[in-house]
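> Just dropping this structure here.
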Amino acid sequence: MTQYPSLFSPGRIGSMTLKNRGVMMPMATEQADRYGVPTLRQIRYYQERAKGGVAMIINEYTGVDDVDSIPAIHNLRAAQDYHIAELEKLTDAVHLYDCKIVAQLHHGGATSSPALTGRENLAPSAVPIADGRPVPREMTLEDIRRIQQKFIAAAVRCKKAGYDAVELHGAHGYLIAQFFSKYYNRRTDEYGGSVENRCRFLSEIIAGIRKELGRFPILVRMCGDEMTPVDGFLTLEDGLEIAKHLEACGIDAINISNGSARNGDANCEPFSYQPGWKKHVAKAYKAALHIPVIATNTIKDPDFAESLLAEGVCDFVGLGRSQLADPEFMNKARAGKADEIRNCIGCLYCRERVLGGSLPIRCAVNPRTGREVDFPHLKRNGGGKTVVVAGGGPAAMEAARDLALRDFRVVLMEQDARLGGTLNIAAIPPFKDKLAKLAQTMARQMEVLGVEVRLNTAATVENVKAENPVGVILACGAEPLMPPLPGMDLPHVMTAERVLTGEAMPEGTVAVVGSGLTGLETAEVLLERGHSVALVEMLPNVGPGVFPAILNDELSRIDRNRTQIYTSHKLLSIAPGEITLERLADSAKVTVKADSVVLAMGVRPKPMPEFDEAFDKVIRIGDARIGGRIATAVRQGFEAAYIF
């Protein structure tokens, strides 16, 4: 018996029987080749999730048109007959594990890239997708017929390739969603105006697929509420009206997302959004429709997934980034090992790479995501030989975990009283509780795998030598950067780490020097405590290196009435009650009131040369190698263990 009876009950969508209620959501991976053909890397990525126990995978947006719609260079496609045989390799790989697979058919419309197509974008009306974006060409009736036929032909190809269903992508501001929209669709013919007319582009595609493929299952993804405060964007009431019309058109299920091309955070949320914040939307669709409802709801763990199903919020839970963080999510839940699931932390590293950098998908907490083909399995050849890991943060615990899986005897030495390292500090600011959960999960994995954890034990050459190790992995962190400036030794100067942990208590107006994520989060904490803050940044913009979605979310909680921001200013000196800055534009000296000064200027590795002299094999990872983020630490821990 499972503790998740709803999650592991079978369900039906059209002619498909699904073994449970867990559905992997479509997420762009940027892993296809330049012709839209799935690569072995992409196939192994999906196969890993199928093996992990989900009932169905809706793969990433799959282009139906490689002439007028190329949103990205590595966009998966089903636009040509030569895609069929390659897509079959993908469906075969997923079907090995009793998992259904659905192709999400997509056309970008006004979101496409003229730089890649060499053509004007097409759209229902000549309305740019966002300010500053290209103005598309309004589609003629001939254009409409041509693109509709491309959707139908792509569906036929997908069935030939072995797909179990198709999903028509009508969300997030893409072409079908543009037809739904009162804002983007300003047509006065039979494809604009009323709900029936705005749905006509899609309803005719549905009819065309039915004519070609009979009762082959058809799903539609749409935004239940675009949550965009601009006239013409879909409200919940607008969306329900569209969904009822689509149900009447004979679709087999609806997949509810949220947001729009102007509000991506409602679809792929930063860490401050809490699980279930948008469940009222899915619940409204479930109450209004008779077809199955699939819905995302910031689901991080199986307990919450079970509660959504039990409450009647949806019929199937949409698992997105949780499948990046731990593809074994469903298998672990079924086996009663939910405490071993590595949860998504909402950092948006995945979104940053794909949307911000046009790079293949990866995950901050799972170093194999998108690299399954490079690291197919860990060689179990440790033979009980001893490796000492110095440190207890994310890099150290990842290295220890993977070395233990390789059958090494692992001794982990941590100078603090608990595992977690910098995660314990990073989890203190508001909305960062997911990092505390990550630390707990990683610590649990140490216990399950038999890693010998020695807390309150600083690694020294002497106590490490006593273990007679074949090598040492140094992951013992870094030291805050303290530039040699006048006044650094004054008692009212402190590091961000000491402030966050409560070791130091600033008074009065506080100058925070450094506006990276640590500096911003420290400023947020200080503002919550009632301080006024002066935020100092040497570079031209606040939050250098912080992904814009995370930065905007963080800045939304910075009270501008009690915050002075000094960008392009360099700290020169500190004195009682004030700091002196250099304004880089003209080298002018600027004096700023500061009763306390908090430094958030980064870190530098602890050198620890004595270990290099004492041991033949020493590997540095995490902040002990280079100051970075969780993604870097976890990846370095995994790679160090993989090649050890």
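The values are calculated or read from the model by the stated rules, or taken from the named source; none is laboratory data. The model shown is predicted, which means the values in this text are computed figures rather than measured ones. All Cβ positions, glycine included, derive from the backbone under ideal geometry; neighbour counts span all protein chains shown. All accessible areas refer to the heavy atoms of the entire protein, side chains included, with ligands and DNA or RNA removed. Shrake-Rupley method; radii C 1.70, N 1.55, O 1.52, S 1.80 Å.
> Looking at the square roots a ≥ b ≥ c of the eigenvalues of the Cα gyration tensor of segment 483-590, which shape do they give, rounded for a/c under 1.5, prolate if a/b is larger than b/c, or oblate? Please report the intermediate quantities before stating the final value.
On the way: a/c = 1.67, a/b = 1.09, b/c = 1.53.
Oblate shape, in that a/c is at least 1.5 and b/c is the bigger or equal ratio.
> Aspartates and glutamates within cross-link reach of Lys159: Cα-Cα under 15 Å, excluding same-chain residues under 8 positions apart?
In chain and number order, the partners are Asp81, Glu86, Glu88, Asp92, Glu167, Glu212.
> Using a 7 Å offset from Cα along Cα-Cβ at Leu213, what residues in segment 136-158 end up with backbone N under 20 Å from the label point?
Within reach of a label on Leu213: 145-158.
> Given a 1.4 angstrom probe, I'd like the percentage of the accessible area of segment 62-140 that is carbon and sulfur, rounded to a whole number. Display every interim value, and only then the final one.
Numbers: 1510 of 2960 Å².
The nonpolar share, carbon plus sulfur, comes to 51 percent.
> So what's the projected area for segment 238-311, the Cα convex hull averaged over all directions, in nm²? Walk me through the numbers before you get to the answer.
Numbers: hull surface 21.8 nm².
Mean projected area for segment 238-311: 5.4 nm², to one decimal.
> Show me, for segment 360-370, the HN-Hα J-couplings you get by feeding each phi into the Karplus relation (A = 6.51, B = -1.76, C = 1.60, θ = phi - 60°), rounded to Hz, glycine and proline as x.
x, 5, 9, 10, 5, 9, 10, x, 8, 4, x
> Lys and Arg at +1, Asp and Glu at -1: add these up for the other residues within a Cβ distance under 14 Å of Leu359 and post the number.
Details: positive: Arg41, Arg351, Arg353, Arg362, Arg371, Arg635; negative: Glu30, Glu352.
Computed value for this residue: +4.
> Here is a follow-up. If the reach is capped at under 19 angstrom between alpha carbons, list the lysines near Lys593, excluding any in the same chain fewer than eight residues apart.
Excluding near neighbours in sequence, the set is Lys570.
> Something else about it: Gly471's amide H: which non-local residues (gap 5+, or another chain) put their own amide H closer than 5 Å, with H modeled 1.01 Å from N in plane and none for Pro or chain starts?
Those qualifying (amide H under 5 Å, at least 5 residues apart or on another chain) are Val388.
> Residue-wise, which Karplus ³J(HN,Hα) couplings in Hz belong to segment 416-423, taking 6.51 cos²θ - 1.76 cosθ + 1.60, θ = phi - 60°, and x for glycine or proline?
Karplus-based 3J(HN,Hα) across segment 416-423 equals 8, 7, 8, 7, x, x, 5, 4 Hz.
> Another question, then. For Lys434, which aspartates and glutamates qualify as cross-link partners when the Cα separation must be under 12 Å and same-chain residues fewer than eight apart are set aside?
Asp301
> Could you work out how far apart the two model spin labels at Arg444 and Asp416 are, taking each label as a point 7 Å from the Cα in the direction of the beta carbon, and quote it in nm?
2.0 nm
> Can you tell me the order of 236-242, 515-521, 570-576 when each peptide is scored by its average per-residue count of other Cβ atoms within 10 angstrom, highest first? Could you put the intermediate results ahead of the total?
Details: 236-242: 18.3, 515-521: 23.9, 570-576: 16.4.
Highest mean packing first, the order is 515-521, 236-242, 570-576.
> Around Val603, with a cut-off of 14 angstrom between Cβ atoms, what is the net charge of the other residues, counting Lys and Arg +1 and Asp and Glu -1? Can you show the working numbers first?
Numbers: positive: Arg498, Arg604, Lys606, Arg620, Arg625, Arg629; negative: Glu479, Glu497, Asp623.
Net charge around Val603: +3.
> Using the per-residue mean of other Cβ atoms lying within 10 Å as a proxy for protection, in what order, highest first, do the peptides 636-644, 428-436, 141-149 fall? Walk me through the intermediate numbers first.
On the way: 636-644: 21.4, 428-436: 18.1, 141-149: 15.1.
Output ranking for 636-644, 428-436, 141-149: 636-644, 428-436, 141-149.
> Taking 30 Å as the cut-off for C-alpha to C-alpha distance, list the pairs among Lys51/Lys437; Lys211/Lys286; Lys432/Lys589 that go past it. Intermediate results must be reported in sequence, preceding the final value.
Numbers: Lys51/Lys437 25 Å; Lys211/Lys286 28 Å; Lys432/Lys589 37 Å.
Long pairs (Cα-Cα over 30 Å): Lys432/Lys589.
> How far is it, in nm, from the label point at Arg34 to the one at Met482 when both lie 7 Å from their Cα along the line to the Cβ?
Simple spin-label model gives 5.3 nm for this pair.
> Moving on. On alpha carbon coordinates alone, what is the Rg over Rh value for the chain, Rh being the Kirkwood radius?
Numbers: Rg = 26.7 Å, Rh = 26.5 Å.
Rg divided by Rh gives 1.01.
> Next up: What trypsin sites (Lys or Arg not before Pro) does segment 357-418 have in DSSP loop regions with at most 14 other beta carbons within 10 Å? Walk me through the numbers before you get to the answer.
On the way: sites: Arg362, Arg368, Arg371, Lys379, Arg380, Lys385, Arg401, Arg406, Arg409, Arg418; in loops: Arg362, Arg368, Arg371, Lys379, Arg380, Lys385, Arg406, Arg418.
In loop regions of segment 357-418 (DSSP not H, G, I, E or B), the sparsely surrounded trypsin sites (Lys or Arg not before Pro) are Lys379, Arg380, Arg418.
> Can you give the net charge of the other residues whose Cβ lies under 11 Å from the Cβ of Met482, counting K and R as +1 and D and E as -1? Could the numbers behind the result be given before it?
Details: positive: Arg604; negative: Glu479, Asp489.
Surrounding charge for Met482 is -1.
> Given 0.36 nm per residue, what is the gain on full extension from Ala287 to Asn331 after removing their alpha carbon distance, in nm?
On the way: separation 44, 0.36 × 44 = 15.84 nm, distance 3.00 nm.
Working it through step by step, the gained length comes to 12.8 nm.
> Next up: Using a cut-off of under 14 Å, list every residue of segment 159-181 whose amide N is near the label point 7 Å from the Cα of Ala85 along the Cα-to-beta-carbon line.
Within reach of a label on Ala85, which here means backbone N under 14 Å from a point 7 Å along Cα→Cβ, segment 159-181 contributes 161.
> I need the phi-derived Karplus couplings for segment 376-383: 6.51 cos²θ - 1.76 cosθ + 1.60, θ = phi - 60°, integer Hz, Gly and Pro marked x.
Going residue by residue, I get x, 6, 8, 6, 8, 10, x, x Hz, with x marking Gly and Pro.
> Can you give the extra length, in nm with one decimal, that the chain gains between Arg186 and Ser15 once fully stretched, where that is 0.36 nm per residue apart less the Cα-Cα distance?
Going from the current span to full extension adds 57.8 nm.
> Sticking with this structure for a sec: In nm, what is the difference between 0.36 nm times the number of residues separating Leu539 and Glu610 and their Cα-Cα distance?
On the way: separation 71, 0.36 × 71 = 25.56 nm, distance 3.65 nm.
Extra length from Leu539 to Glu610 when fully extended: 21.9 nm.
> Hey, what's the chain come to in accessible area per residue, 1.4 Å probe, Å²?
Working: 24700 Å² over 644 residues.
Value for the chain: 38 Å² per residue.
> In segment 167-262, what is the volume of the convex hull around the alpha carbon atoms, normalised per residue and reported in Å³?
81 Å³
> Also, quick follow-up: Where the accessible area of segment 473-616 is counted over protein heavy atoms with a 1.4 Å probe, how much of it, in %, is carbon and sulfur? Present the calculation step by step, with values, prior to reporting the outcome.
Working: 3530 of 6800 Å².
Roughly 52 percent, rounded to a whole number.
> Is the C-alpha gyration tensor of segment 262-366 telling us rounded, prolate or oblate? Criteria: a/c under 1.5 is rounded; beyond that, a/b larger than b/c is prolate, otherwise oblate. Don't jump to the answer; show the numbers that get you there.
On the way: a/c = 2.18, a/b = 1.24, b/c = 1.76.
Judged from the Cα gyration tensor, segment 262-366 comes out oblate (a/c at least 1.5, b/c at or above a/b).
> Over all alpha-carbon pairs of segment 1-137, lay out the pair-distance distribution in 5 Å bins, whole %, shortest bin first.
Taking every Cα pair in segment 1-137, the percentages come to 2, 10, 17, 18, 15, 12, 10, 8, 5, 2, 1, 0.
> Mean 1/r over all different Cα pairs, inverted: what Kirkwood radius does segment 118-233 give, in Å?
Working: mean 1/r = 0.0668 Å⁻¹.
Final number for the Kirkwood radius of segment 118-233 is 15.0 Å.
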